[in-house]
Every structure is written in C-alpha cells, then in structure tokens.
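The values are calculated or read from the model by the stated rules, or taken from the named source; none is laboratory data. All values reported here derive from a predicted model rather than from experimental measurement. Heads up, the Cβs are rebuilt from the backbone with ideal geometry, glycines too, and the neighbour counts pull from every protein chain shown.
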Amino acid sequence: MRKTLSILALSALPALALASGSHSGGHDTPAHGMPGHDMSTMSNAPSPAGQPGDPAKVTRTIELTMDDTMRFTPDEINVKAGETVRLFIKNVGKIPHEMVIGSIDELKAHAAEMQKMPDMKHAEPNMITLGPGQRGGLVWKFTQAGMVDFACLIPGHMEAGMVGKLKVS
Ligand SMILES: [Cu+2]
C-alpha cells in the first residue's frame, strides 16, 4: 500500500511540471506588471524572440538538461525562422531550475525582479520551472532570424552563467 502511494506521488510530478509550462496566465503579482498594462496580453505582443507555439505544429523536439553546475546542455541550439519546436527539458540537478526564453534585456529585467521577489510565483508560455528530477516541455515558434537567449532566472543562477543561445537562421 505504502509503495503504491509513493509511485502515484512520483508519477504526478511530470504532469504538474507540464501543466505549469503550458499555463497561459500572467504573473500572480500586479507589482510585476507595468502600470496600466494588462499582463495577460503581454505574451501575445510581437517579440523578436518569437511566440508561444501551437503544439500541433511542432516539427522537431530538442532535448536539454539543466544541472547544478548552472549549465544548460546544450547551451547553443540552431533553429530556423518559422520553425515551431518543442524544447524538452530535464532538471538533472538537486535544486529547482527554470528555462525562460527571451531577449537578453527581457531576461535581465525579469531576473532583477526575481531578486526582489524570490518567492514570486510565475508561469508564462515562454518559461518552465522544474524541480529536481522533473522534466517538461515548452513549445515555441521562432519568428525571425537572429539571436534569442534563454536563462534560468532563479536568483543567482543567471549570474552564475546559467544562460544559453538559440541561433535562428
Ligand atoms: Cu537554475
């Protein structure tokens, strides 16, 4: 009986991770937003980084790992403009990590807010937070050629080098 329960508890974890990754809502705290700007519309605004992808249009799955040496593996990924990919990420570390896609300026601004509010709960289509051993996916469409960045915005991680690049050609 005890064994059955623990298996159930473990199998629920990836489902939770996937749920948070696909969550379309904004941040929980209004302090995070800009005055007079509805956060729920922000993720739909055109961004050079691309936009949330349609899971039905995924043409490729790219697997990544995150670990406690503050690295993504791989940390450089080549994609094509117009391509919708599924980034399938596994946290192989013993502490939580996350992957957030954006321009380096967006990521730095977001990291600064995370420093002020380390307990801030956030879930947006451009990010996924994974606990130790968890895995989950993020579907993203790359809209224009250029360099798109990603980082782990848990306080201290980006500063320790937990960043990566998506080269869109
Ligand atoms: Cu991290």
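Quick grid of which residues meet (1) in a helix (DSSP H, G or I); (2) free of Cβ contacts under 8 Å to residues at least 24 places away in the same chain; (3) more than 13 Å from the chain's Cα centre (by Cα):
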position: G93; (1), (2), (3): no, no, yes
position: V100; (1), (2), (3): no, no, no
position: D105; (1), (2), (3): yes, yes, yes
position: H110; (1), (2), (3): yes, no, no
position: E113; (1), (2), (3): yes, no, yes
position: P118; (1), (2), (3): no, no, yes
position: P132; (1), (2), (3): no, no, yes
position: P155; (1), (2), (3): no, no, yes
position: A160; (1), (2), (3): no, no, yes
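Sort out which residues of the range 137-169 are within 14 Å of the ligand (Cβ to nearest atom) and on the phi > 0 side of the Ramachandran plot, and write them in order of number. So that I can check it myself, show each step before the final result.
Of the residues in the range 137-169, the ones within 14 Å of the ligand (Cβ to nearest atom) are 150-164.
Residues satisfying the conditions are G156, G161.
With G164, G82, G133 as the choices, which residue is at pLDDT 95 or above and surrounded by 20 or more Cβ atoms within 10 Å (Cβ to Cβ)? Steps first, answer last, please.
On the way: G82 fails: surrounded by 20 or more Cβ atoms within 10 Å (Cβ to Cβ); G133 fails: surrounded by 20 or more Cβ atoms within 10 Å (Cβ to Cβ).
Just a single option satisfies the conditions, and that option is G164.
Could you list all residues from the range 70-109 that are within 12 Å of the ligand (Cβ to nearest atom) and under 18 Å from A123 (Cβ atoms)?
I89, N91, P96, H97, E98, M99, V100
Among the residues of the range 120-130, write down those that are aliphatic (A, V, I, L, M) and in a loop (DSSP other than H, G, I, E, B).
So in the range 120-130, the residues aliphatic (A, V, I, L, M) come out as 120, 123, 127-128, 130.
Within the range 120-130, M120, A123 meet the criteria.
Give the residue that is farthest from the ligand (Cβ to nearest atom), with candidates limited to residues of the range 48-69 that are within 20 Å of I154 (Cβ to Cβ) and under 15 Å from the mean Cα position of the chain (by Cα). Before the answer, list the steps.
Going residue by residue through the range 48-69, those that are within 20 Å of I154 (Cβ to Cβ) are 49, 64-69.
So of that shortlist, the ones also under 15 Å from the mean Cα position of the chain (by Cα) come out as 49, 64-67.
Details: A49: 19, L64: 12, T65: 12, M66: 6, D67: 9 Å.
Among those residues, the one meeting the criterion is A49.
So, of the residues in the range 134-149 that are under 15 Å from V163 (Cβ atoms) and either in contact (Cβ under 8 Å) with a residue 40 or more places away in the chain or assigned to a loop (DSSP other than H, G, I, E, B) (or both), which turns out to be farthest from the chain's Cα centre (by Cα)? Quick ask: steps written out before the conclusion?
The first filter runs over the range 134-149 and keeps only residues under 15 Å from V163 (Cβ atoms), leaving 147-149.
Next cut, either in contact (Cβ under 8 Å) with a residue 40 or more places away in the chain or assigned to a loop (DSSP other than H, G, I, E, B) (or both) only: 148-149.
Numbers: V148: 13, D149: 11 Å.
Here the answer is V148.
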